[in-house]
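Participant: Would you mind keeping the following structure in view while I ask a few things?
Rule-based calculations on the coordinates, nothing more; no lab input. Predicted model only: the values in this text are computed from it and were never measured. Don't worry about glycine lacking a Cβ; one is built from the backbone with ideal geometry, like all the others, and counts go over all protein chains shown.
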Amino acid sequence: MTTETRQSIHGEWSSHWAFIFAATGAAVGLGNIWKFPYIAGLNGGGAFVLVYLICILIIGIPLLMAEIVIGRNGRQNPVFAIRTLALEANASARCSWIGYLIILSGFLILTYYAVITGWTLDYIWQAASRDFVAKNAQGISALFNQLISNPWLVIFYQTVVIAATVLVISRGIRKGIEKTVLIMFPTMIILLLLLVGYSMDSGHFIAGLKYLFKPNFHELSAASALSALGHAFFTLSLATGSIMMYGAYLPRKASVTEASCIIAAADTGIALLAGIAIFPIVFANHLHADAGPSLIFQTLPLAFGQMPFGSFFATLFFIMLFLAAFTSALSLLEPTVAWMIERFKLHRTHAAIIAGSIIWLLGLGTVFSFNLWPSLKIIHASFFEALDYLTANIMLPLGGLLVAFFTGWLMKKQTSKYELNYKNGKLFSAWRFTLRYISPIAILIIFLNFIGMI
Ligand code: PHE
């Protein structure tokens, strides 16, 4: 079959804008609003943000393009797409292992992602019931602990999130994902902008900006550089099959480069906006920026509880967080479901239910790591921390390295030339050079530096 005639059996987005919305919705999630501010806070702010931005630019964007190229050309789930393109280039069919690795990463991420998305539902409820008002730090942290130490409540929310994700995915590309994202994503942006306005008005705006943008290189260690790299992958949804899968539904005429730049710019812009919304509020209330994962679940509610209209804006904040997380959860499930449909000829709904149930089951590990199994430690980390570390800091960089290697060295050059369709040959060479040398070397340096080998 030739490139032009290959088609996805799951259909296509209705336009290239639908793809851009869906992929940006996939990219913007807990990573931008929950994780980015807290890891920036833990790693000292500015210098970390700088490394992260460099990673997005020289590793993230070229890889984003590579994944869309593979997806759109292969028009199948990542495993089959990579296998098809490998065979076309007379490379080994074993390259499809790269596809398994990345789908598995997305699958594992969803097991804990759904649990944390569930927390946001509880927080919408708490904020709307004015639970944060006039509470001190102990009071707020008691609320958080009450939630995470109650397995039944967390399982309830996790179940709601996974059931909703399964429902949307089983309705397919246009009727399910596209329709949902087209409503949720713009709503999320409007809420975020409202919150930035609120923070400018009532927070310590300049202190927040300084914290985010003033580099302090003493704080930058090899471990923070690895976190910045891992986070660049995580936030752009790279090496999880999400972008590659969404790319398989991209109409032929759309420009891959334009779409990639818009997605990366929107994702980065939203992470920075989230930081700009959060840190001024944290500083205005004399709280600490380096609280870690509890930054937005404890520090922020504490701040909101002291502020005028705090409950209202806290409710908006957690609704925004839920919307952002949900559109990402969709993209984490789709690659596995598409693979199951293509591999086992399953009905979409059945595939989604089976995958969702396994994810639910594995997710209990994350739920219990905060209550029933607090003492279960995997190399000093809880089940959840270990899973987050394994996926974000090891599997994603490794998957990214392999995708870059595959696209740059193994796949036919004509395939990417055809998909990128540049008038200017220099641009193509620059992209390919980056993918062949710069991205893999940068990933290796950060990785080896971290494990102490260089
Ligand atoms: N990019 C999403 C976020 O920032 C998380 C995600 C990772 C979604 C991988 C899909 C695939 O929250």
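Participant: Rounded to the nearest 500, what is the 222 nm mean residue ellipticity of the chain from helices alone, with -39500 (n - 2.57) per DSSP H run of 4+ residues and division by all residues?
Facilitator: It comes out at -22500 deg cm²/dmol, rounded to the nearest 500.
Participant: Shifting gears a bit: Where a Cα-Cα gap under 19 Å defines reach, which lysines qualify for Lys426, not counting those fewer than 8 residues away within the same chain?
Facilitator: Lys412, Lys413, Lys417
Participant: Separate question: Could you pull out the trypsin sites (Lys or Arg not before Pro) across segment 347-431 that fall in loop regions by DSSP (anything but H, G, I, E, B) with no more than 10 other Cβ atoms inside 10 Å?
Facilitator: Lys423
Participant: If we restrict to alpha carbons, what Rg and Dmax does segment 141-274 come to, in Å?
Facilitator: Answer for segment 141-274, Rg first and Dmax second: 19.1, 54 Å.
Participant: Answer rounded, prolate or oblate for segment 196-256, using the Cα gyration tensor with square roots of eigenvalues a ≥ b ≥ c: rounded when a/c is under 1.5, else prolate when a/b is larger than b/c, else oblate.
Facilitator: Here segment 196-256 falls in the oblate category.
Participant: Can you tell me the convex hull volume per residue for segment 100-192, based on C-alpha atoms, in Å³ to the nearest whole number?
Facilitator: Each residue corresponds to 142 Å³ of Cα convex hull volume.
Participant: Ranked from highest to lowest mean number of other Cβ atoms within 10 Å per residue, what is the order of the peptides 124-132, 235-243, 109-117, 397-405?
Facilitator: 235-243, 109-117, 397-405, 124-132
Participant: I need His218, His16, His350 ordered by Cβ neighbour count within 10 Å, fewest first.
Facilitator: Arranged by neighbour count, lowest to highest, His218, His16, His350 become His218, His350, His16.
Participant: Please give the peptides 151-161, 321-331 ranked by average Cβ packing (other Cβ atoms within 10 Å per residue), highest first, as a rough proxy for protection.
Facilitator: The densest-packed peptide leads the list: 321-331, 151-161.
Participant: Would you calculate the convex hull of the Cα atoms in segment 53-119 and tell me its volume per residue in Å³?
Facilitator: 106 Å³
Participant: Same structure, new question: Let me check against my output: what whole-number percent is the relative contact order of the chain, with C-alpha pairs under 8 Å and at least 6 apart?
Facilitator: RCO, the chain: 35 percent.
Participant: Restricting things to alpha carbons, tell me how big the chain is in terms of Rg and Dmax, in Å.
Facilitator: Calculated on Cα positions, Rg and Dmax stand at 21.2, 67 Å.
Participant: Which pairs, out of Lys175/Lys253; Lys214/Lys423; Lys179/Lys423; Lys35/Lys210, put more than 31 Å between their alpha-carbon atoms?
Facilitator: The answer is Lys214/Lys423; Lys179/Lys423.
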